[in-house]
1. Among the residues of region 114-152, what is the count of those that are modelled with pLDDT under 95, over 18 Å from GLY71 (Cα atoms) and of a type in the set (Ser, Thr, Tyr)?
2. Tell me, please, whether a residue that is within 22 Å of GLU23 (Cα to Cα) and either in a helix (DSSP H, G or I) or more than 20 Å from the chain's Cα centre (by Cα) (or both) can be found in region 89-110.
3. So which residues in region 93-111 are within 15 Å of the ligand (Cβ to nearest atom) and closer than 20 Å to LYS146 by Cβ, if there are any at all?
4. Only one of these conditions is not met by ILE40: (1) over 23 Å from LEU137 (Cβ atoms); (2) touching a Leu at 6+ places or on another chain (Cβ under 7 Å). Which number is it?
Amino acid sequence: MKIPKTTLGRNIWRLRSWWGWSEEELASCAGVPPSLVRDIERGASDPRLSELTALAKAVKINVIALMSPLGELISCNESEKERLFSKVVKGDALDDCWEWRGALNHTSRSKAYGQIGMTGGELIYVHRLSYAIAAPLPKRWTIDHKCRNKLCVNPDHLEATPFGGNIAERNRRRQDDFRNGDQSNKIQREDKNFEVPRGIAWL
Ligand SMILES: [Zn+2]
């Protein structure tokens, strides 16, 4: 497969900027030479799959997504972040669900997802907003609850994927993995390379 270099370079640059990293910082986090990051962003490199995978893992995004346009990323301001977390109850353990206690989109709690109004008036699902605070999230991507708790906003319990594929099968597999303790895709807050984005405190 021929990788569209300009798209890849633009994606790496955008995602690196989202995290606020220099080329060297991204390279260090991904375990690749800084020259590789530089060359990719300039469209002057044809990286190996292992290098792409390492870069994708560093910026917390699906590796397949690096090769096609990301589109607009969900963004939010400090006020929206504060309003979100003011209505979230977190369990005592690190891996507990973080339950949303604010507005719902359905009168039946079993069918409901939490939602919140953004400053511009747009409504957004709270689990999407929580994920978008913890990691880059393209607007057209879906979010799955690996813990099956629709009101949970713990980003470690959420998984972002581009549209496509067998959604029912994909959800079943991920939820099975989650129950079996495989959380290999979770966002590693304890990772020494992890930097809390944009001033958000993990409470
Ligand atoms: Zn959960």
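The values are calculated or read from the model by the stated rules, or taken from the named source; none is laboratory data. What you are looking at is a predicted structure, and each value in this text was computed from that prediction instead of being measured. We place every Cβ from the backbone using ideal geometry, glycine too, and count neighbours over all the protein chains shown.
1. Going through region 114-152 one residue at a time, the tally reaches 1.
2. Our first condition is that a residue be within 22 Å of GLU23 (Cα to Cα); within region 89-110, this holds for none.
Checked against the condition, which is being within 22 Å of GLU23 (Cα to Cα) and either in a helix (DSSP H, G or I) or more than 20 Å from the chain's Cα centre (by Cα) (or both), region 89-110 yields no hits at all.
3. To start, the set of residues in region 93-111 that are within 15 Å of the ligand (Cβ to nearest atom) comprises 93-101.
Hits for region 93-111 are ALA93, LEU94, ASP95, ASP96, CYS97, TRP98, GLU99, TRP100.
4. For ILE40, the exception is condition (1).
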